[in-house]
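Heads up, the thing below is written out as structure tokens.
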Amino acid sequence: MSDTSPRSSRPGKPYRRPKKDPVRMLAFEALRAVDERDAYANLVLPPLLRKAREKGDFDGRDAALATELVYGTLRRQGTYDAVIASCVDRPLREVDPPVLDVLSLGVHQLLGTRIPSHAAVSASVELARVVLGDGRAKFVNAVLRKVAQDDLDGWVQKVAPPYDEDPEDHLAVVHSHPRWVVSALWDSLGGGRAGIERLLEADNERPEVTLVARPGRATPEELLGEEAAVPGRWSPYAVRLAEGGEPGAIEAVREGRAGVQDEGSQLVALALAHAPLDGPDERWLDGCAGPGGKAALLGALAAERGAVLVASEKQPHRAGLVAKALAGNPGPYQVIAADGTRPAWRSGSFDRVLMDVPCTGLGALRRRPEARWRRRPEDLEGFATLQRELLRAALDSVRVGGVVGYATCSPHLAETRVVVEDVLKRRGGGELIDARGLFPGVPELGEGPDVQLWPHLHGTDAMYLALIRRVG
């Protein structure tokens, strides 16, 4: 191409090709996948980063910046949308989604990172030239220059309603959560303003990577020999990786002897495994086992006692993930593809049953920040029927005197306590066990008998567990 082009912004001015910035191009590509395909960033980003490294485009610092741009933009999307809306002359719904993604990336660099303002604007406009064209790049430039006139605190004061006038909407804008999620979390948490603000802030923090040393296959001491590894807070099998730690570089993880598993998830499996039983303790069931983290830990714990684990998962491809997680388990186990609401086994077949039910995932917003924007209040109704059916099936599957663990990665009352109370009332034949004593050393577990973990109190996902003994 010649040095001049009809696309030149001024007659006679040489046309300059926009420069491709690999970091920002990758971040934009990840955001488009999340928006267009309803993909999850934690599934989209790793292969993109791996491909960039293989091409020689990225080093470790580049990967860290790309990760921060993607996750930071998704976490703060609600706040940034409010800022952008105040700087454009049309409703946000009329701004093309790719343009909005470039703007959001730019706003995060301006308001959420230490990147100098001039560099954040320049890099974002250059990205816009590459992916949107010169015309829309001018629009991006104009909007970001307005945003750059103030910092995050200043913008929040402008765009968030006063707390005294509308507490929930104020918190929704300040902490970047949908209003209905703020309301639901506040109901579940109880208490005043301080607690809910701490929880919402914790949802916006980057979570640590936590490993589990699967008993009989690896030890925490082995994992602690890795660089940047420190002990877990609560689980005896947990090891945390400091920022920048790469699980895939650890031999025990590559071999499946250890895995990546949030400490809350570990604690739920441990509590079920240690719950007091009347009678034999020989057959355990994980009734919603995919993708296999809890099943792998339960299988190892069962093996220590000479018990067998049956891991059931409805979706065949997820059952394959469970089988991979359990491969090499030191004791007997079985993986089956079966619908937990239509048990493929006789009633009363098991001594212990874990039913970690599908849910909205509002307890894992640190790891999947986009879920907060994807979920709707009406989703709760769809999950409610399935959650009740699975709990009833779990109670049918356990023998009299055996124990069921009902777990969710959501603190929403409609998915936790309400489900348990409703099933026990309508079905009968079960009594709640006080689960708090099965979380040794873990503080602030509430009034019981069920347990709700919290990111801001325990550093875990907001896992819920109710333990139920079948009595009839």
*Filter result for the condition that a residue is of a type outside the set (Ser, Thr, Tyr), touching a Leu at 6+ places or on another chain (Cβ under 9 Å) and over 12 Å from Ile84 (Cα atoms), over Asp164, Asp134, Asp151*: Asp151
_Just the residues that are of a type in the set (Lys, Arg) and over 15 Å from Val353 (Cβ atoms), please, taken from the range 417-472._
Arg417, Lys425, Arg426, Arg436
_I'd like to check something: does the range 430-443 contain any residue that is within 30 Å of Tyr71 (Cα to Cα) and either surrounded by 18 or more Cβ atoms within 10 Å (Cβ to Cβ) or in contact with a Gly (Cβ under 6 Å, 6 or more places away or on another chain) (or both)?_
yes
*Check Arg399, Arg388, Arg426, Arg470 and return the single one that is without any contact (Cβ under 8 Å) to a residue 60 or more places away in the chain, basic (Lys, Arg) and surrounded by 14 or more Cβ atoms within 10 Å (Cβ to Cβ).*
Arg388
*Pick from the range 310-332, criterion touching a strand residue (DSSP E or B) at 6+ places or on another chain (Cβ under 6 Å) and either without any contact (Cβ under 8 Å) to a residue 12 or more places away in the chain or more than 20 Å from Val260 (Cβ to Cβ) (or both), ranking: surrounded by the fewest Cβ atoms within 10 Å (Cβ to Cβ)*: Pro316
*Does the range 43-63 hold any residues that are surrounded by 15 or more Cβ atoms within 10 Å (Cβ to Cβ), assigned to a helix (DSSP H, G or I) and either small (Gly, Ala, Ser) or at pLDDT below 90 (or both), and which are they?*
Ala52, Ala63
*So which residues in the range 358-373 are buried (at least 24 other Cβ atoms within 10 Å of the Cβ) and more than 11 Å from the chain's Cα centre (by Cα), if there are any at all?*
Cys359
_Scan of the range 410-419 for residues that are surrounded by fewer than 22 Cβ atoms within 10 Å (Cβ to Cβ) and either closer than 10 Å to Ala466 by Cβ or among the charged types (D, E, K, R) (or both), ordered by number_ = Arg417
*In the range 124-166, what residues are open to solvent by 20 Å² or more (accessible area, probe 1.4 Å), among the aliphatic types (A, V, I, L, M) and outside any loop (DSSP other than H, G, I, E, B)?*
Val125, Val130, Val131, Ala142, Leu152, Val156, Val159
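Results for (1) out of contact with any Gly (no Cβ under 8 Å at 6 or more places or on another chain); (2) among the aliphatic types (A, V, I, L, M); (3) modelled with pLDDT under 95, shown as yes or no for each residue.
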site	(1), (2), (3)
Asp187	yes, no, no
Glu246	yes, no, yes
Ser265	no, no, no
Gly279	no, no, yes
Ala296	no, yes, no
*Within the range 387-412, tally of residues that are over 20 Å from Ser265 (Cβ atoms) and either part of a strand (DSSP E or B) or out of contact with any helix residue (DSSP H, G or I) (no Cβ under 7 Å at 6 or more places or on another chain) (or both)*: 9
*asked:* Checking Val209 against (1) out of contact with any His (no Cβ under 9 Å at 6 or more places or on another chain); (2) of a type outside the set (D, E, K, R); (3) open to solvent by 30 Å² or more (accessible area, probe 1.4 Å); (4) at pLDDT 95 or above, only one condition comes out false. Which one?
replied: (4)
_Can you tell me which of (1) under 24 Å from the mean Cα position of the chain (by Cα); (2) among the hydrophobic types (A, V, I, L, M, F, W, C); (3) open to solvent by 10 Å² or more (accessible area, probe 1.4 Å) is the one Ala344 doesn't meet?_
(1)
*Checking Ala82 against (1) modelled with pLDDT of 95 or more; (2) closer than 20 Å to Ala371 by Cα; (3) open to solvent by 30 Å² or more (accessible area, probe 1.4 Å), which single condition isn't satisfied?*
(3)
_Regarding the range 176-184, can at least one residue be identified that is free of Cβ contacts under 8 Å to residues at least 24 places away in the same chain, open to solvent by 10 Å² or more (accessible area, probe 1.4 Å) and of a type in the set (Lys, Arg)?_
yes
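The values are calculated or read from the model by the stated rules, or taken from the named source; none is laboratory data. Predicted model only: the values in this text are computed from it and were never measured. Reconstructed Cβ throughout: ideal geometry from the backbone, glycine too, with neighbour counts over all protein chains shown. Surface areas here come from the heavy atoms of the whole protein model, side chains and all, with no ligands, DNA or RNA. Shrake-Rupley method; radii C 1.70, N 1.55, O 1.52, S 1.80 Å.
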